[in-house]
1. Please state which of the following conditions T492 fails to meet, knowing it meets all the rest: (1) assigned to a loop (DSSP other than H, G, I, E, B); (2) under 15 Å from A441 (Cα atoms); (3) of a type in the set (V, I, T).
2. Can you spot a residue in the range 659-670 that is open to solvent by 50 Å² or more (accessible area, probe 1.4 Å) and over 31 Å from the mean Cα position of the chain (by Cα)?
3. For the range 320-328, state whether one or more residues are under 16 Å from M65 (Cβ atoms), touching a helix residue (DSSP H, G or I) at 6+ places or on another chain (Cβ under 7 Å) and open to solvent by less than 60 Å² (accessible area, probe 1.4 Å).
4. Hey, among the residues in the range 110-169 that are of a type in the set (V, I, T), under 35 Å from the mean Cα position of the chain (by Cα) and assigned to a loop (DSSP other than H, G, I, E, B), which one's modelled with the highest pLDDT?
5. Return only the number of the condition from (1) touching a residue at least 60 places away in the same chain (Cβ under 8 Å); (2) open to solvent by less than 10 Å² (accessible area, probe 1.4 Å) that L466 does not satisfy.
6. Taking only pairs six or more apart or across chains, which ones have beta-carbon atoms under 6 Å, a first residue in the range 588-603 that is at pLDDT 90 or above, and a second residue that is open to solvent by 50 Å² or more (accessible area, probe 1.4 Å) and not acidic (D, E)?
7. Here are the criteria: (1) closer than 30 Å to A713 by Cβ; (2) open to solvent by 30 Å² or more (accessible area, probe 1.4 Å). Tell me which single one A573 does not satisfy.
Amino acid sequence: MHFPHPRVFLALVAMASLAILSTSPPATSSPSASYVGPHFGDGSLPAGCIADRDPLNPDNLCYHMLVGLNALDTPRVDVDILVPVSPAAERDMRMAEQAVQMWDDGLHYLAGEMDLQWLRKGFDMHIRTHEVVIDPDGTLAEPLNLVDPEIVVIASNPVGGIGIGVDPSNLASQLGVTDGEGLPCTSVPDPFSMAAWQAKPGWEQHGREKGGVYVEDCGGVGGNVCFAVNGAIDPVPGASDFFGIFDLISHEFGHCLTLGHVGDGADGPWGPTPTNDIMAYSTDPPGLTKCVSTLDVEGFALRMSGYLDVTGDGKVNGADQLVPNDVVGDGANSFQVQHPDDHLYASSTGSPTDCPQPNYSILPGSYGDFMPHEVETTKPRLAIGTLTEQGGRLRVVGTARNVPKVPVTHAHARSATDATSDSITPITDITGVKVRTTRTAVDATMSVSQLWPVAKAGSVTAYSLLISGRRFDSFIGTGNTSGKPMTMDNGTGYYLPSGTAKWDYDTNEVTFHIRRDYLADQHIFAPYTIFGETGLHARSNDWLATTDSAPDAKGLALAAPRMARESRDAPVARRVTSRTVSLDNGSGNLFVPTDSTLGVGLVSTVDSRDYLSLPIKRQSTVTATLTWDNPSSALALLVNGGSGQHAVTKSGKVTVTVPWARRDLSLTIDPQEITGPVTYTLTATVKTVVADKDHDGVPNIADACVTKAGPSAGGGCPDTDADGTFDTFDRCPRAASISPDGCPTKDDERVVLYVDGTRVAATTVMTRHGSDRYILSTPAGLGRGAHRVTVAWLRDGRVIARETRRMG
């Protein structure tokens, strides 16, 4: 028996996100006002983060970017853009130029916002554009030789036709590249043929999209040349959601800048995933193009640090080289880990929905502006909570926080009607949307003129609910003969549980029930902005066109009640016990040669892997052992849902140990290469864990800081001053700071206590992620009589807020 793909919800609601306890995200403002700082250096993870990328690990709350792709070897990046001649060539060149300019401006803007001035000043990009003239026979009219480029962007179209006057796949001439000394580096036969690129050893395909990258090592002065090849020009920019040409070029260009994926690519999944990131496969945010993120800049800075003066000592040497915080990574590549609170975008507010957009105009010379201009959307609010006096000494407790300038909605239910017949067909015509938020879910009802008729071969229509930029699609999959709709998180590709969306053919309504703990695990918090949307799609998640949305203008803004504090962990056992269980799929645990996946997942349209679950009744250490009776075959075992794992593979046997399992585990048996009929045996030894020396809820076996209490999300290690730096790497663990070493500097925000106009105490606060609590105490007694107590909040050397109380 074969169960659905592991992306079927992945039980992500089982992730113990600390952020679930939050009722609202930090107010959005310019990136510099919200970004705390990068964490470079092997093992120097942001507080609350772990290196394990398992999307089911309940402690995995942070973003992971694969870094170090390709070998960009200079901060002076020359980019050649090649576009074949066509009636729309000028527009196509502008699309490609704008995609590259988005990176250039975005990297420089965010480097300044992130206080990486060495990168902002030292990195330079030069763009050269070529319209390739083609003779009637399909060959180059003139030879084209590119001199010492670092990146070559090629926009080809393997099928020709729409938007392209000449089919460039007929080109048989060569593209030549010479290095800085004029010496030949490489030649590319038929450079506008996607098939020619796909046939080259080392070609990296971008999933099922017609695009990818290829790197040629020219050696010597020429260094490396990265080719970002994009196999289709979008005939109507913005109409296709497979990957519009702008985002496709931007994504492949990011690979040439040495950046890898962020969790939802073919090399994933790992999670959670920042689906709005240009290095994600997702088309979030719906209807908008993407822009550079702070995680992209951190990944790029790692490479550039080898060629720029990071330390400011006037020299470039080994002391400047930055190191990613997860060097081991997957064993082949390193990763840079970032806390979601520091994940911002090159926009005026830091939000992905405000990313600068390309100009799609048919008017020649129309370009978008990709250098954002800061917009402050928050204001400081200082509050004195309590004033207490003991032994004549004053103790002041309060909060400093940033609040939205625009009032936030308090509504938990809203609705909108939509004009009828404003879509291309009745089955995509929305007539209204009603939404309600509860302590546990976002419930919505979408009314349409007519639902897709009951069908046994899939629906061309998808009915979607957009929640704060994340689209949840309900549809009947292509080839699905059950006639039952499924619901997919279009951002991650995860399928949600059956019943998440229901179609009522009597009322022509689609109802959605999206769990808020799932949204929180994806870092989507109230207040929410919600739309209803219909569109045409193919396969499962290829969105072809949006046909109607409601409301037509701004979405419905909704607050939500405080989420229920629920512990989804299994209880701790009172004593150590051990048991061994056998697991089977109910149909013989058998694989045959046609089930082979070759280690790359789906080879055909049928998923041949087996998916089993192991209930965890008490927190335990689990050892899963997979054996099989045909040693010439190769099977793999993946165990998800635990706090880390260790695997040992031998001939005919795989053992995976999960030190700490406190949620149900998901086990995947992958028939990578089956040479003949194979029967496998899978057992699991479950041993309860009880030892917890520092009483922080993290058992010793999984606690990286056994004698220092800390949250499970940090592997048991504390961040006493809550400044985002683990105590292990914090030189001043009891004084919060944004500085790399954790010690206060003049750049930190402070609150200062004045009594009768005299400064008596001060402490640093960290409000870039929203708010911070402060405690101030006078060093000596106040004396008799009435006193005026003032707390002032200082940022960048000036007072931005103050609060005064009188005592006595």
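The values are calculated or read from the model by the stated rules, or taken from the named source; none is laboratory data. Because the structure is a prediction, the values reported are computed rather than measured. As a convention, Cβ positions derive from the backbone with ideal geometry for all residues, glycine included, and neighbour counts pool all protein chains shown. Only protein heavy atoms, including side chains, enter the accessible area calculation; ligands, DNA and RNA are left aside. Shrake-Rupley method; radii C 1.70, N 1.55, O 1.52, S 1.80 Å.
1. (2)
2. If we filter the range 659-670 for residues that are open to solvent by 50 Å² or more (accessible area, probe 1.4 Å), which is where we start, we get 664.
Cutting the leftovers down to over 31 Å from the mean Cα position of the chain (by Cα) gives us none.
Scanning the range 659-670, I find no residue that is open to solvent by 50 Å² or more (accessible area, probe 1.4 Å) and over 31 Å from the mean Cα position of the chain (by Cα), so the answer is no.
3. Our first condition is that a residue be under 16 Å from M65 (Cβ atoms); within the range 320-328, this holds for 322-328.
With the extra rule that they be touching a helix residue (DSSP H, G or I) at 6+ places or on another chain (Cβ under 7 Å), the set shrinks to 322, 324.
Of the ones still in play, those that are also open to solvent by less than 60 Å² (accessible area, probe 1.4 Å) are 322, 324.
Checked against the condition, which is being under 16 Å from M65 (Cβ atoms), touching a helix residue (DSSP H, G or I) at 6+ places or on another chain (Cβ under 7 Å) and open to solvent by less than 60 Å² (accessible area, probe 1.4 Å), the range 320-328 yields at least one hit.
4. Step one: filter the range 110-169 for residues of a type in the set (V, I, T), giving 127, 129, 132-134, 139, 147, 151-154, 159, 162, 164, 166.
If we keep only those that are under 35 Å from the mean Cα position of the chain (by Cα) as well, we get 127, 129, 151-154, 159, 162, 164.
Among the residues that remain, those that are also assigned to a loop (DSSP other than H, G, I, E, B) are: 159, 162.
Numbers: V159: 32, I162: 28.
Filtering the range 110-169 for residues that are of a type in the set (V, I, T), under 35 Å from the mean Cα position of the chain (by Cα) and assigned to a loop (DSSP other than H, G, I, E, B), the one modelled with the highest pLDDT comes out as V159.
5. So the condition that L466 fails would be (2).
6. Matching pairs, first to second residue: N589/T679; L590/T679; V592/P677.
7. For A573, the failing item is (2).
Conditions (1) within 30 Å of R568 (Cα to Cα); (2) surrounded by 17 or more Cβ atoms within 10 Å (Cβ to Cβ); (3) modelled with pLDDT of 85 or more, marked per residue:
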| position | (1), (2), (3) |
| --- | --- |
| A709 | yes, yes, no |
| T745 | no, no, yes |
| R750 | no, yes, yes |
| L753 | no, yes, yes |
| M766 | no, yes, yes |
| A780 | no, no, no |
| A792 | no, yes, yes |
| R802 | no, no, yes |
